[in-house]
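Working notes, structure below.
The values are calculated or read from the model by the stated rules, or taken from the named source; none is laboratory data. Fair warning: this is a prediction, and the values are worked out from it, not measured in the lab. Here the Cβ positions follow ideal geometry from the backbone for every residue, glycine too, while neighbour counts run over all protein chains shown.
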Amino acid sequence: MATASGRQRRFLIGYSSMSDASPNNEHTRRPSRVTTDQQVESPDWEDALQTPVQFVRGVGPERAALLAKLDIRIASDLLFNAPRDVLDLSNVRTPAELEAGVLQSVCGSVVDTESRLTSNGKTMSAVLIRCGRAFVRGVWFNQPWILKRFFPDNVVLFSGKPKMRSGRWEFSNPHTQWLENDDAATEDGLPVAVIPRYGLTDGLKMYEIRRATKAAVEDYVDLVPELLSPECLKTWKLPDIREAIRKLHLPKSMDEYREGHRRLVFQDLVEFQLAIELRRRVWWSGVPAPKMPCTAKIDSRIRRLFPFNLTPGQNQAIADIVADLNAGRPMHRLLQADVGSGKTAIAMYGILVAIANGHQAALMTPTELLASQHWQTIDKALVHSRVKRRMLTGNLTPAQRQTVLEEIRTGEVQLIIGTQSLIQKGVEFSNLGLVVIDEQHKFGVGQRAQFSTGSQSPHVLVMTATPIPRSLCMTQFGDLDLTTMSDMPPGRQEVKTFRVYNVNTRKRAWKFVRERLQEGRQVYVVCPRVGETEEDDPQLELSFDEEFPELSEKPAPIQEELIGSAEELFEDLQKNELKGFSVGMVHGRMNAQAKADAMEAFRTGETQALVSTTVIEVGVDVSNASVMVIQQAERFGLSQLHQLRGRIGRGKHQGFCFLFSDASATDVVKRLSAMEKYTDGFKIAEVDFDLRGPGDILGSRQHGALPLRFGHLIKDRKMVEETRDAAVDLVKSGQFDGPLLAPLKSAVLDRFAELMDLPRSG
């Protein structure tokens with residue numbers, strides 16, 4: 001098999017090697033490929049789908065060099081190049097068909113522009129377009145710059161609600177789309193119905209990539225093999241791949257485009273889900289895991305350690321974990337818990353079951369601060385037990401580290417709590433039975449995989465207090481069993497949240513903070529940076545006037561910028577808003593001991609206010625802290641804001657969170673409004689997912705691109721669930737390992753084997 005390009009490798013790579021593409025196939029033909037730039041005859045490629053793109057009809061070497069910047073290097077890359085969007089011009093009307101006051105569109109070419117002052121002093125800018133034999137005008141007021149975007153013969157689309165003025169249809173402030181010359185193929189003033197549009201690079205025109213794509217479809221699409229069986233196509237109601245590609249790139253209607261797009265999205269997602277299911281099978285079919293039963297005696301002894309009754313959600317989570325630990329195969333479970341729902345108690349229960357069965361347990365956290373928090377909680381609970389426990393973090397001296405490593409190797413220590421130091425070179429466990437990974441969203445898949453070595457695989461419990469949308473759970477953690485815990489411990493109150501937007505409302509918020517401090521409460525003040533400041537946009541609306549009428553007054557215009565530096569804010573608060581109160585500071589640039597000292601001073605009440613960056617995002621529990629002020633809140637994602645907010649209101653006192661932000665951008669308003677409206681972390685996660693995207697789900701980043709070509713986890717949520725179910729059925733039924741789907745399996749492994757550490761045998 002010849003080597004495919006990177007783009008082809010990432011999507012449906014098996015196409016270029018299937019028997020359908022052989023020269024003997026009835027659909028196969030050797031297209032004559034002559035460039036328009038140069039009369040160069042292409043070689044007789046063994047696999048025509050891998051024809052270098054310069055030999056695709058109408059491309060040539062110059063355009064090929066530009067297409068290569070888009071990772072389009074061979075003919076099949078053009079076939080599987082996803083359109084960025086599509087112009088639906090099928091309902092564009094002629095001027096004769098327009099109706100007053102109805103939302104509709106017209107298409108035409110620019111013939112004239114005009115700018116003048118009206119009688120009331122406004123600037124009116126107008127653009128006249130020719131639509132067939134008639135003319136339509138678009139007008140804008142006090143936007144003289146708009147005319148710089150229009151040039152003679154530009155083909156544009158005006159959309160809006162027109163009205164008849166002086167015998168001519170006129171659109172006021174129309175939504176405008178500029179069409180490429182190629183988009184503008186018209187009959188009687190109407191453009192071609194449906195036009196896919198593609199990503200571009202400097203020097204490459206839309207019509208050039210569109211023509212190249214059209215040529216590739218006409219000359220090569222019949223060579224594309226079908227990877228899905230007839231039964232799959234029938235079950236999932238999908239068109240043949242060749243038909244789908246034609247409808248995607250050369251649609252005659254939006255229905256055709258949607259049908260072609262759906263097929264390619266479905267296959268993209270189902271291949272991804274199949275790879276995840278294969279990874280799940282690898283976990284389960286590898287080396288065995290120790291059976292660790294939880295007897296009634298063990299259960300009773302563990303529960304006596306908790307000074308509270310467990311919630312129904314906690315009991316269900318424990319039941320899931322106990323069943324996994326005694327199954328004989330490695331547990332790979334995700335415990336998804338909302339902030340403050342008590343996941344640490346669940347972790348400790350599983351750890352003690354492992355230790356009771358004679359095995360070591362490890363608890364890994366992303367930060368030393370969180371590791372210390374867990375150590376304090378668990379050490380206090382086990383103070384009278386015989387469990388030998390140690391911490392392993394980066395701040396140990398070489399001598400201390402060597403001592404701990406030796407105790408781990410010999411099995412002298414039963415519980416090890418630490419950071420990624422637990423998976424560094426030199427760490428050798430004697431009899432590791434359970435690994436708990438806290439705040440899984442801070443780690444990637446690779447970190448948990450490193451524990452699964454040796455003759456026995458440990459059980460793995462991963463936890464996160466960052467609620468994850470359902471569609472993302474089916475991908476990011478699709479190889480894990482899922483337990484969701486959303487109920488709060490008895491007595492826990494919802495934190496009241498308010499946006500703060502200008503000088504006066506900030507004064508009122510600080511007044512409220514001081515009153516709580518005088519009552520004996522404590523406050524977090526969080527900012528996004530350690531060192532420098534920068535200006536922010538004005539102005540957001542505050543909504544706590546009704547809640548606290550005694551603090552309400554008419555707001556004044558913004559006269560100062562928010563302070564974005566922890567160090568500067570620390571100094572400023574001591575001199576101004578929090579003068580007379582004890583203020584501490586903690587941030588990521590401080591050494592481990594300094595951070596620990598600052599947090600201990602706050603935990604004991606020695607300091608009343610703590611200025612911090614996001615180092616307090618996870619795991620810091622101070623029950624007397626009831627107020628949080630978040631500076632420049634627009635710089636945080638919703639899930640992060642929810643995590644931060646979860647640090648307060650953990651005691652008997654009502655929690656209050658103030659979101660300081662001068663930013664006025666629409667997305668900021670939506671995000672911060674969601675924080676005011678919702679306290680349910682899972683609802684907030686869905687909103688955040690919609691606004692920011694899913695992240696790099698195979699690694700540790702929380703925003704960015706997915707390894708998908710056509711599918712989108714937000715837009716295609718329903719299909720994510722459909723393909724998840726389809727992938728599970730195909731693997732469990734054995735169909736995926738059968739001869740009919742061998743081409744599909746080969747394509748999945750070609751695409752994901754290296755990325756997901758899958759054996760080529762599947």
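Each row is one residue, and each column tells you yes or no for (1) of a type in the set (A, V, I, L, M); (2) surrounded by 23 or more Cβ atoms within 10 Å (Cβ to Cβ); (3) part of a helix (DSSP H, G or I).
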| residue | (1), (2), (3) |
| --- | --- |
| Gln336 | no, yes, no |
| Thr344 | no, no, yes |
| Ile351 | yes, yes, yes |
| Ala354 | yes, yes, yes |
| Gly358 | no, no, no |
| Thr377 | no, no, yes |
| Gly394 | no, no, no |
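The residue pairs whose first member lies in the range 705-716 and is under 17 Å from Asp688 (Cβ atoms), whose second member is modelled with pLDDT under 75 and surrounded by 20 or more Cβ atoms within 10 Å (Cβ to Cβ), and whose beta carbons are closer than 6 Å, counting only pairs six or more residues apart or on different chains, are Leu713/Ser471; Leu713/Pro694. Within the range 50-64, being closer than 15 Å to Met206 by Cα and either in contact with a Lys or Arg (Cβ under 9 Å, 6 or more places away or on another chain) or of a type in the set (A, V, I, L, M) (or both) holds for Gly58, Val59, Ala64.
Somewhere in the range 300-308, is a residue in a helix (DSSP H, G or I) and under 30 Å from Ala742 (Cα atoms)?
no
Residues that are modelled with pLDDT of 70 or more, surrounded by 19 or more Cβ atoms within 10 Å (Cβ to Cβ) and not in a helix (DSSP H, G or I) within the range 670-706 comprise just one, Thr679. Answer yes or no as to whether Val387 is among the hydrophobic types (A, V, I, L, M, F, W, C), assigned to a loop (DSSP other than H, G, I, E, B) and more than 18 Å from Glu406 (Cα to Cα). No. Within 20 Å of Glu577 (Cβ to Cβ), assigned to a strand (DSSP E or B) and of a type outside the set (Val, Ile, Thr): does that describe Leu644? Against the criterion (within 20 Å of Glu577 (Cβ to Cβ), assigned to a strand (DSSP E or B) and of a type outside the set (Val, Ile, Thr)), Leu644 does not qualify. Applying a threshold of 8 Å to beta carbon distances and a minimum spacing of six or more residues, or different chains, the list of pairs starting in the range 229-256 at a residue that is in the same structural domain as Ala215 (by TED's automatic domain parsing) and ending at one that is part of a loop (DSSP other than H, G, I, E, B) and aromatic (Phe, Trp, Tyr) is empty. Look at Ile318 and say whether it is surrounded by fewer than 23 Cβ atoms within 10 Å (Cβ to Cβ), part of a helix (DSSP H, G or I) and either at pLDDT below 95 or in contact with a helix residue (DSSP H, G or I) (Cβ under 8 Å, 6 or more places away or on another chain) (or both). Considered against the rule, which asks whether it is surrounded by fewer than 23 Cβ atoms within 10 Å (Cβ to Cβ), part of a helix (DSSP H, G or I) and either at pLDDT below 95 or in contact with a helix residue (DSSP H, G or I) (Cβ under 8 Å, 6 or more places away or on another chain) (or both), Ile318 comes out as yes. Report yes if Ser421 is outside the structural domain of Thr613 (by TED's automatic domain parsing), in a helix (DSSP H, G or I), of a type in the set (Ser, Thr, Tyr) and farther than 25 Å from Phe306 by Cα, otherwise no. Spelling it out, Ser421 is indeed outside the structural domain of Thr613 (by TED's automatic domain parsing), in a helix (DSSP H, G or I), of a type in the set (Ser, Thr, Tyr) and farther than 25 Å from Phe306 by Cα. Just to be sure, is Val92 within 30 Å of His712 (Cα to Cα), out of contact with any helix residue (DSSP H, G or I) (no Cβ under 9 Å at 6 or more places or on another chain) and either aliphatic (A, V, I, L, M) or part of a strand (DSSP E or B) (or both)? Yes, satisfied. Within 31 Å of the chain's Cα centre (by Cα) and either modelled with pLDDT of 90 or more or closer than 28 Å to Gln360 by Cβ (or both), is that true of Leu274? For Leu274, the condition - within 31 Å of the chain's Cα centre (by Cα) and either modelled with pLDDT of 90 or more or closer than 28 Å to Gln360 by Cβ (or both) - is met.
Among the residues of the range 95-115, those identified as of a type in the set (A, V, I, L, M, F, W, C) and either out of contact with any strand residue (DSSP E or B) (no Cβ under 9 Å at 6 or more places or on another chain) or in a loop (DSSP other than H, G, I, E, B) (or both) are Leu98, Ala100, Val102, Leu103.
Per-residue answers, yes or no, for (1) at pLDDT below 80; (2) touching a Cys at 6+ places or on another chain (Cβ under 8 Å); (3) under 22 Å from Glu439 (Cα atoms); (4) surrounded by fewer than 20 Cβ atoms within 10 Å (Cβ to Cβ):
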position: Glu553; (1), (2), (3), (4): yes, no, no, yes
position: Gln559; (1), (2), (3), (4): yes, no, no, yes
position: Leu562; (1), (2), (3), (4): yes, no, no, no
position: Ala566; (1), (2), (3), (4): yes, yes, no, no
position: Gly580; (1), (2), (3), (4): no, no, no, yes
position: His587; (1), (2), (3), (4): no, no, yes, no
position: Lys595; (1), (2), (3), (4): no, no, yes, no
position: Ala601; (1), (2), (3), (4): no, no, no, yes
position: Val627; (1), (2), (3), (4): no, yes, no, no
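Within the set Phe658, Phe602, the sole residue that is touching a residue at least 60 places away in the same chain (Cβ under 8 Å), among the aromatic types (Phe, Trp, Tyr) and assigned to a strand (DSSP E or B) turns out to be Phe658.
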